[in-house]
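Below is one structure, written out as structure tokens, with a few remarks after it.
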């Protein structure tokens with residue numbers, strides 16, 4: 001091979017490599033711009049959600065659950081209000097099921113209220129760990 005041919009071949013290869021590097025750099029710049037635009041849109045959405053006032057509803061739900069678990073049992077324990085509780089009864093070989101109602105004194109804490117209280121405690125303690 002002649003030196004001119006080698007110089008032309010080397011120039012072509014180096015031009016191709018440089019063009020490919022420039023194209024990848026341009027693609028990365030466009031990708032970075034799209035990521036910034038996506039983050040700006042997510043920030044705007046979060047700001048709109050925060051402005052809707054959902055914090056007051058969450059605080060009300062938290063207060064209601066804490067009231068139902070902590071304060072209401074003490075209040076209802078000193079009154080003569082009866083609570084009706086439903087129980088399922090099984091009949092012959094479990095085929096003839098029925099419902100029986102019993103009246104108890106005090107306040108019944110349902111499993112749903114306990115689960116909600118656990119979720120609230122986990123949310124507030126978890127969010128306090130992040131700050």
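No lab work stands behind these numbers, since they all come straight from the coordinates. All figures in this text were calculated on a predicted structure; none of them were measured in a lab.
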Hey, what angle do you get for helix 54-66 against the long axis of the chain, alpha-carbon based, 0 to 90 degrees rounded to 10?
40 degrees
Regarding the chain, what are the three Cα extents along the principal axes, ordered largest first, in Å?
108, 47, 25
Using only Cα atoms, find the angle between the long axis of helix 111-130 and the longest principal axis of the chain, and express it within 0 to 90 degrees, rounded to the nearest 10.
40 degrees
Per DSSP H run of n ≥ 4, the term is -39500 (n - 2.57); total these for the chain, divide by its residue number, and report the mean residue ellipticity at 222 nm rounded to 500 deg cm²/dmol.
-23500 deg cm²/dmol
For helix 3-51, what angle does its Cα long axis make with the longest principal axis of the chain, in degrees from 0 to 90 and rounded to 10?
20 degrees
C-alpha center-to-center spacing [region 86-104, region 10-80] in angstrom:
49 Å
